[in-house]
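Structure, as structure tokens:
Just so it is clear, none of the values below were taken in a lab; they were calculated from the coordinates. Only a predicted model underlies this, so the values are computations on that prediction, with no experimental measurement involved. Glycine also receives a Cβ, built like all others from the backbone with ideal geometry; neighbour counts cover every protein chain displayed.
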Amino acid sequence: MTCHIDYQAPTGLLDGKIVLVTGANAGIGRAAAMSYAHHGATVILLGRSVSRLEVVYDAIEAMGGPQPAIFPLNLESATPQDYLAVASKLEQEFGRLDGLLHNASILGERVSVEAYDLELWARVMQVNFTATLGLTQALLPLLGRSSSASVVFTSSSVGRHGRANWGAYSTSKFATEGLMQILADEHRDAAIRFNSLNPGATRTAMRQSAYPDENPMELRTPEEIMPTYLWLMGSSSEGVSGQAFDAQPPKAKA
Ligand code: NDP
């Protein structure tokens, strides 16, 4: 797995690009939205809390980034009609999509498969995988109108190697890795690339709830892991598809 933590993105890397980020209101998604906007992208902020998305919207405007857009959607209750509505709105406003970062996820429980509540398992699969699939499917026509589109799926090291007590979360990330590979193979001759990215241990609310005894100050911040997020969204990764990346060197994997 390749890591581009030392990549230094040129300021105008994403000038003129339209990029959608899911779970853009907090943690890594917020940092990615800010970073993409800082490098010139018009960012569509998708999440379930409008007021929290507005905070990111205001922060992008305050730093002088291109005016973003907000798209409220709860991925836990989202239906195929909702994904089509996102696509239809984007088509009206922008006519195409150049980048899609699937970032939103929930952790579920940290218990054995035997003890796992199956309703919760289904909710985790819905947010982390089914919504990712549905959104991607609905947005493929718009991505196809870009001269060079990048779809980035957020994975985890437990989406690449199974580990005890990671149940639904781990399964959802394995499924995401599979979807990424299938899409890359289906679009071998197209101008859309599909890759996965494992952020590695990063100082966010999700990490804190997965590892409550860990000292968060020893972890990289979301802002510090942005180089690979930028590399995958920008022109340096053109032609690269179907690959699994890490945002941090192997030691910090999570
Ligand atoms: P956070 O919990 O900080 O952020 C998760 C984001 O997903 C939030 O914006 C959250 O919105 C959003 N989200 C959750 N449920 C829904 C929903 N039903 N509808 C819409 N949005 C939703 O997590 P991280 O920033 O840590 O995680 C980002 C990604 O990185 C995830 O895919 C995670 O699996 C992955 N990851 C993180 C690691 C880490 O160490 N932090 C390690 C490995 C992978 P809201 O605030 O409304 O809940």
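Details
- Over the chain, Cα pairs under 8 Å with separation of 6+ residues give a relative contact order of 23 percent.
- Both radii were evaluated on the Cα set of the range 14-96; the Rg over Rh quotient, with Rh as the Kirkwood radius, amounts to 0.96.
- In the frame of its principal axes, the range 151-254 has Cα extents of 47, 28, 20 Å, reported largest first.
- Listed peptides 21-29, 62-70, 210-218 by packing density, highest first (mean Cβ within 10 Å): 21-29, 62-70, 210-218
- The calculated pair-distance distribution of the range 18-252 uses every alpha carbon pair, bins of 5 angstrom beginning at 0, and gives 1, 7, 14, 19, 22, 18, 11, 5, 2, 0, 0 percent.
- Counting all C-alpha pairs of the range 58-160, share separated by more than 18 Å (%): 58
- Assigned charges on the beta-carbon of Lys, Arg, Asp, Glu; the chain dipole about Cα centre (debye): 180
- Peptides 71-78, 138-145, 168-175, 112-119 ranked from most to least packed by the mean count of surrounding Cβ atoms within 10 Å: 168-175, 138-145, 71-78, 112-119.
- The protection proxy used here, the mean number of other Cβ atoms lying within 10 Å of each residue, ranks peptides 7-15, 190-198 as follows, highest first: 190-198, 7-15.
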